[in-house]
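Engineer: My structure is below; once you've seen it, I'll send some questions.
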Amino acid sequence: MINIAEVRRQFPYLEETIYLNTAACGLSWSGQGKAAAAFYDQMMARGYDGRDDWRSLSAKVQQHLASLMAVEPDEISFVGSTTEGLNLVTAALSVSAGDRVVLAQDEFPSMQAAVRTLERKGAKVCLIPISDEERRTETLCDAARGARFVGTSHVQWHTGTKVDIQRLGEVCRTEGAILIVDGVQALGVTPVNASGCDVYAASVFKWLLSGFGLGILVVRSTVRNDLTPCLRGYFNPPPSKDLRYGHLNYPGLCALKATLTFLENIGWRTIFERTAVLRQRLVAPITDAGVEIVTPPGAAAGILAVRAPDPLKLVNALNQRGVRVEAREGLIRVSPHFYNTEDEIDRFCDLFLHLNCRLQL
């Protein structure tokens, strides 16, 4: 059972605002700055004599993440961001002329940009329209037949639809396709089993609450031997297949390690279940008011996407009243996390419906 009052004391900004925008950026907790500073105060303060400590740090974080993502620790590496991870992989993959690359037409720009690297190598990119959010997974599975590469977000960035990556992974394995997943809107808010993916990339500044400049990249053994890194450095001289080419963001790893411990002490199951309950609490008052929810009820993670006639104006009106949500692609994107309360959800719904009604007059 979560002690929400104790949890919220670790997030002082929650005293100032109703923060329902973790899908844009998570809140830092009160011990995180001290954790990041430990690199400078304890490790780097000893110069190169601290190397054993900072080198062992990444292995400890890998252990935490391997348990969270159902993969092996040595399949996890660290990059600067989701975008960097995706680009490092696509630049390193072998491509034959005419290889078919499949991704949704509304896929996040970073994934779209990364697969264009495959296109420049001779692959053919096929953008698949998604006409029904309920069938997003099925549509991708159908399109994957005959493909060589499939790219998808685990959770779609504006509709909030969670793709069944296990099912899609099974189709990809049958077809001999490589499945590349952007997990930034999933990791830390919903159970993630990355074992069915060939590549899984995510950053830590959203649901993992751990700031910028650090990303997680899982590359399974099914793909690793097919890589020829495009960037080389002291860490991965030829013939190494390792995509890491230089030093890591060690202060970021310090912060992430402390945050993972903080979240594990609350309990991942508790975090996932509480966030799902808060998201679900939004549904009844919004649908009862006749407002369309785009996110499918059976395929949701942390985001609830709501149709609105003027999302930007509505978001600005909410912002003036101390409520933080986001406008994305003609929708209002609401993203509570475990640190929010039922009362905040109810207050948001009241304000949202009142303002939405006024803006339609």
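The values are calculated or read from the model by the stated rules, or taken from the named source; none is laboratory data. If you're wondering where the values come from, they're calculated on a predicted model, not measured in any experiment. All Cβ positions, even for glycine, are placed from backbone atoms using ideal geometry, and neighbour counts span all protein chains on display.
Engineer: I'm checking my understanding of the structure. Among residues of the stretch 268-296 that are touching an Asp or Glu at 6+ places or on another chain (Cβ under 9 Å) and not in a helix (DSSP H, G or I), which one is surrounded by the fewest Cβ atoms within 10 Å (Cβ to Cβ)?
Structural biologist: 296
For (1) in contact with a Lys or Arg (Cβ under 7 Å, 6 or more places away or on another chain); (2) free of Cβ contacts under 8 Å to residues at least 24 places away in the same chain; (3) of a type in the set (A, V, I, L, M), each residue gets a yes or a no:
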{"position": "106", "(1), (2), (3)": "no, no, no"}
{"position": "111", "(1), (2), (3)": "no, no, yes"}
{"position": "114", "(1), (2), (3)": "no, no, yes"}
{"position": "121", "(1), (2), (3)": "no, no, no"}
{"position": "133", "(1), (2), (3)": "no, no, no"}
{"position": "136", "(1), (2), (3)": "no, no, no"}
{"position": "145", "(1), (2), (3)": "no, no, no"}
{"position": "148", "(1), (2), (3)": "yes, no, no"}
{"position": "151", "(1), (2), (3)": "no, no, no"}
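Engineer: Which of the residues spanning the stretch 39-81 are at positive phi and touching a helix residue (DSSP H, G or I) at 6+ places or on another chain (Cβ under 7 Å)?
Structural biologist: 70
Engineer: Regarding the stretch 65-76, can at least one residue be identified that is exposed (fewer than 15 other Cβ atoms within 10 Å of the Cβ), assigned by TED's automatic domain parsing to the domain that holds residue 203, aliphatic (A, V, I, L, M) and part of a helix (DSSP H, G or I)?
Structural biologist: Scanning the stretch 65-76 turns up no residue that is exposed (fewer than 15 other Cβ atoms within 10 Å of the Cβ), assigned by TED's automatic domain parsing to the domain that holds residue 203, aliphatic (A, V, I, L, M) and part of a helix (DSSP H, G or I).
Engineer: I would also like to ask the following. Could you tell me which residue of the stretch 176-196 is farthest from the chain's Cα centre (by Cα), considering only residues that are in a strand (DSSP E or B) and without any contact (Cβ under 8 Å) to a residue 40 or more places away in the chain?
Structural biologist: Ranking the candidates gives 179 first.
Engineer: Of the residues 134, 119, 170, which is closer than 18 Å to residue 226 by Cβ, surrounded by fewer than 16 Cβ atoms within 10 Å (Cβ to Cβ) and assigned by TED's automatic domain parsing to the domain that holds residue 197?
Structural biologist: Exactly one residue qualifies, and that residue is 119.
Engineer: For residue 234, are the conditions met, namely being among the aromatic types (Phe, Trp, Tyr), under 30 Å from residue 177 (Cβ atoms), in a loop (DSSP other than H, G, I, E, B) and free of Cβ contacts under 8 Å to residues at least 24 places away in the same chain?
Structural biologist: Answer is no for this residue.
Engineer: Okay, next question. If we keep just the residues of the stretch 232-267 that are touching a Leu at 6+ places or on another chain (Cβ under 7 Å) and aliphatic (A, V, I, L, M), which is nearest to residue 93 (Cα to Cα)?
Structural biologist: This residue is 243.
Engineer: Then there's this: Can you find a residue that is within 18 Å of the chain's Cα centre (by Cα) and of a type in the set (Val, Ile, Thr) anywhere in the stretch 293-301?
Structural biologist: Yes, because at least one residue in the stretch 293-301 is within 18 Å of the chain's Cα centre (by Cα) and of a type in the set (Val, Ile, Thr).
Engineer: Moving on. Might you let me know whether the stretch 37-59 holds any residue that is buried (at least 16 other Cβ atoms within 10 Å of the Cβ), part of a helix (DSSP H, G or I) and touching a strand residue (DSSP E or B) at 6+ places or on another chain (Cβ under 7 Å)?
Structural biologist: yes
Engineer: Just to check your reading of the model, which residue among 82, 159 is among the polar types (S, T, N, Q), in contact with a Gly (Cβ under 8 Å, 6 or more places away or on another chain) and under 29 Å from residue 298 (Cα atoms)?
Structural biologist: Of 82, 159, the one residue that is among the polar types (S, T, N, Q), in contact with a Gly (Cβ under 8 Å, 6 or more places away or on another chain) and under 29 Å from residue 298 (Cα atoms) is 82.
Engineer: Would you mind telling me which numbered condition in (1) surrounded by fewer than 20 Cβ atoms within 10 Å (Cβ to Cβ); (2) outside the structural domain of residue 178 (by TED's automatic domain parsing); (3) assigned to a helix (DSSP H, G or I); (4) β-branched (Val, Ile, Thr) residue 222 fails?
Structural biologist: Condition (2) is where residue 222 drops out.
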